[in-house]
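Reviewing the structure listed below.
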Amino acid sequence: MSKVTKIQAQKRKGRYNIYLDGKYAFPVAENTLIEFRLMNGTELTDSQIKEIQDRENVNKAYGDAVNYLSYQLRTEKEIKEYLYKKEYHKDAVEFVLKKLEDLHYLDDNSYATSFINTQLRTTANGPRIIEQKLAQKGVPKVIIQDKMFEINQDILLENATEFAKKQARKQKRASFSQMLTKIRQGLYQKGFDKETIEDAIKTLDLEPDEDEEIDKLKTLIDKVKHRYDKPAKLINYLMTKGYHYDEIKRVLDADN
């Protein structure tokens, strides 16, 4: 048996140091102090001491988890990994997860809804990228599938179109063909499917301006022609930039 000989309040509010038989033994939270009715003169068996320490470990894990949640919503996987990283034992982690779920602090279904809405509102990410991010955060596949099915397609098209507009502005010096290619590549990399990509491009109602295309081609030729010792090599390069052979030849012949 060991006897509680001193209970000392820490500087941190609600925390106490417990001394047994004149020596520091372990810290506890105020609720642990009350639950086990710890006071000077209380005698404890080894099993009681272990129970108190285990409970304190659980309470501390719960406090850390709540603090981690206070910054933003988390998935069950994120909380679990966070607590294991802080070296809490499995029983404490499982107890905390169950308690958080019972209190509705932890809900992967709600998390997925919130995450998707935030992605649609603040990013240009399409369904594939959003789905990947949810999977990385540990949201169960069945929840992801259900939530992705619920996404408003009109919002997706609006986001894809807005992103396509920005890409078009960035590619204003490129040929019309290359601009379209870059827009498609950008939208695909953002996670949009082929149908949404084509719908977004149609919404922009882009049309090539022949005079503008020729001016861009002339500018590009003046910029790079010194790199090529043979016309055929220059033509091949210009074709990779989206210009057609006939218009390239016409411009080059006009310069000679």
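Taken together, the values in this text are just the output of simple stated rules run on the coordinates, not laboratory data. Here the structure is a predicted model, which means the values were calculated and not measured. FYI the Cβ positions are ideal-geometry reconstructions off the backbone, even for glycines, and counts take in every protein chain you see.
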- With region 1-94 as the region, which helices (runs of 4 or more DSSP H) entirely inside it contain at least 3 residues that are among the basic types (Lys, Arg)? 46-71, 76-85
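Yes/no per residue for (1) among the polar types (S, T, N, Q); (2) within 30 Å of residue 29 (Cα to Cα); (3) surrounded by 14 or more Cβ atoms within 10 Å (Cβ to Cβ):
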site	(1), (2), (3)
62	no, yes, yes
68	no, yes, yes
76	no, yes, yes
102	no, yes, no
139	no, no, yes
154	no, no, no
166	no, no, no
- Note on the structure: Flagged in region 27-44 as aliphatic (A, V, I, L, M) and surrounded by 13 or more Cβ atoms within 10 Å (Cβ to Cβ), in numbering order, are 28, 29, 33, 38, 44
- Item | Unique residue being of a type in the set (Gly, Ala, Ser) and under 30 Å from residue 243 (Cα atoms) when the list is 160, 135 | 160
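Give the residue, chosen from 7, 52, that is over 30 Å from residue 116 (Cβ atoms), free of Cβ contacts under 8 Å to residues at least 60 places away in the same chain and buried (at least 18 other Cβ atoms within 10 Å of the Cβ).
52
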